[in-house]
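What follows draws every value from the coordinates through simple rules; no lab data is involved. This structure is a prediction, so every number in the text was calculated from the model and none was measured. Counting neighbours? That spans all protein chains shown, and the Cβs are built from the backbone with ideal geometry, glycine included.
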Amino acid sequence: MGSMTRTFAELIQERWGDHRPGLAYEDQVLSHHQVTAGAAARAALLGELLPRAAEPHVGLLLDNTPEFPQWLGAAALSGAAVAGLNPTRRGAELARDITHTECRVLVTERAHLPLLDGLDLPGVRILVTDTDAYGELLASYEGAEPEVAGRVGPGTRMLLYFTSGSTGAPKAALCSQGRLAAAGRSLVDSFGVRADDVHYVCMPLFHGNAVIADWAPAVAAGAGVALRRRFSASGFLGDVRRFGATYFTYVGRAVQYLLATEERPDDRDNPLRMGFGTEAGAVDAARFEERFGVRLVEGYGSSEGGAAVQRTADTPVGAIGRAAPGSDLVVLDPETKAECPPARFDDSGRLVNGTSAIGELVNRGRSPFEGYWRNEVAYAERVRENGWYWTGDHFYRDADGFLYFAGRGDDKIRVDSENLAPAMIENILARWDDAVAVAVYGVPDPVAGDQVMATVALREGVAFDPARLDAFLLAQPDLGTKMRPRFVRVVDRMPVTATNKVRRGELRREGFWTGGDLYWQPPGEPSYRPFTETDHKTLTATYAAHDRTFLLTPP
């Protein structure tokens, strides 16, 4: 990741006196100098508001408005840390996020005030950015220069960003000023970011992706930033052209939503140079480049920063890449702790030894992971024997050392004693022209192991045709017989988080319990048909006969 000897506050300071366009939002444009001046004023305000005996933590419950990066800059200058708060959280969950991170100042906007109604937030000062009172308060600090507080150093805490897990409450991962500055500089070097670039930030800034992979390299290079309040597939290309954006980041299903928009003959007429993100998949990345003329660079990095995989020019189709410099990444069997054997593929590219090759990605080298806020149990799950960092994600590695993503957390599927990679099945299903988004996961088999289930969001105006899906699956040479989904649920829109990641836990819990457009291929039958109430009763009786009803948890 590079040297961690610089502070992010120094990068903020360097933009003082730079009068080039620095931040664009809707019809507003601020120069780099104006953004830095705004950060300095807010840093001075923080110096007055934060109790001396308290942790210097500021909660930001904001959409992607100019307030967000200016408060990030303020935190860097003052030595405070920002907790990005997810506005899709509600009630006790949101209150827990604020109190757990010990925020003493909470910055929000009028649109999000109803989320705070009835919450018990003792000792928290709330600032509402789009009010006269806030403007008057901030005006008294105008003219402040970007001075760096004496307590600021490379190890000073700057971010507490929540990472979702398969179980338990979200964990607040820590990121220091030195690590954020080094990450920004590393991406500048990797992607050749220039001062005349414009980074389009359409992923939410409360998430690490937008801050670390989009905003930080822009600041490090002195590039411009263009903000979108919330991600919009229909507004994406218009924004890119209007702002002159050359770079953007994505996570989850954002790329699929962009591909689902109506094609136009001038789609390739845009200034974008590249996109950087994760979970687009090789098929959709190729479609994106063909349609928009923009290269997508797929990478992998655990949210906590403990492991990173970088793509190189010789990375084969389907692979993520090799271990980033400084990482000693291996794929280990979580039970035996032994290294998994290299993946083997048949002539069609299908993984044939998934049971032995799929394991957990582990970094045995020096990890930049800086821990979680007040959560030693979660830390111990990540950093174990010999200080190795266990990502919790499943991978397999070929004989040349290239790493392939197999699934997150508990996504691994075991059918007839064979481990399957849901990510590989998703990549195959993504070729189906009728689908705009696909999620693959396991549901319990009534006898042993799992069955494959897929949720599919169809393209607008397309009706689900079981015969078309049958024909498509039969034509895929790399789809093994055990990889074929037993159940297929058809939805209008894939259920996703605020960062466009599929809610797999929710889908897995629903299984075949909920109604709607659900199809299945019963054992011994040649194709898919609707899953009926009679099917439901018969199948649940089979679970009961094998004493596996406890595995079914209807919502």
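Summing +1 for each Lys or Arg and -1 for each Asp or Glu, what net charge is found among the other residues whose Cβ lies under 12 Å from the Cβ of Pro51?
0
Using only the alpha-carbon atoms, how far is helix 91-100 inclined from the longest principal axis of the chain? Give it as 0 to 90 degrees, nearest 10.
Once rounded, one gets 60 degrees.
Mind running the shape call on segment 8-230? Use the C-alpha gyration tensor, a ≥ b ≥ c as the square roots of the eigenvalues: rounded below 1.5 for a/c, prolate if a/b tops b/c, oblate otherwise.
Cα axes put segment 8-230 in the rounded bin.
What area, in nm² and to one decimal, does the C-alpha convex hull of segment 287-378 cast on average over all directions?
Hull-based average projected area comes out at 8.8 nm².
Compute the signed sum of charges (Lys and Arg +1, Asp and Glu -1) over the other residues within less than 12 Å, Cβ to Cβ, of Pro342.
Net local charge, Pro342 excluded: -1.
Applying the Karplus parametrisation 6.51 cos²θ - 1.76 cosθ + 1.60 with θ = phi - 60° to the phi angles of segment 430-446, what ³J(HN,Hα) value in whole Hz is obtained for each residue in order, glycine and proline being reported as x?
Each residue of segment 430-446 in turn: 5, 6, 5, 4, 6, 9, 9, 8, 9, 10, 10, 7, x, 10, x, 7, x Hz.
Could you tell me the center-to-center distance, by alpha carbons, between segment 23-53 and segment 185-251 in angstrom?
19
Calculated FRET efficiency, Glu290 and Glu48, Cβ-Cβ r, R0 56 Å, to nearest 0.05?
E between Glu290 and Glu48, to the nearest 0.05, is 0.55.
If one takes the longest principal axis of the Cα atoms in the chain, at what angle in degrees, from 0 to 90 and to the nearest 10, does the Cα axis of helix 67-78 lie?
60
Report, in degrees rounded to the nearest 10, the 0 to 90 angle that the Cα long axis of helix 32-49 makes with the longest principal axis of the chain.
80
Run through the DSSP bridge list for the chain and note the antiparallel percent, rounded to the nearest 5.
Just about 55 percent of them are antiparallel.
Taking 0.36 nm per residue of sequence separation and subtracting the Cα-Cα distance, how much length would be gained by fully extending the chain between Glu263 and Leu474, in nm to one decimal?
73.1 nm
Would you list Tyr161, Tyr247 from fewest to most Cβ contacts within 10 Å?
Tyr247, Tyr161
Using C-alpha positions alone, give me the convex hull volume of the chain per residue in cubic angstrom.
In the chain, the Cα convex hull volume per residue is 161 Å³.
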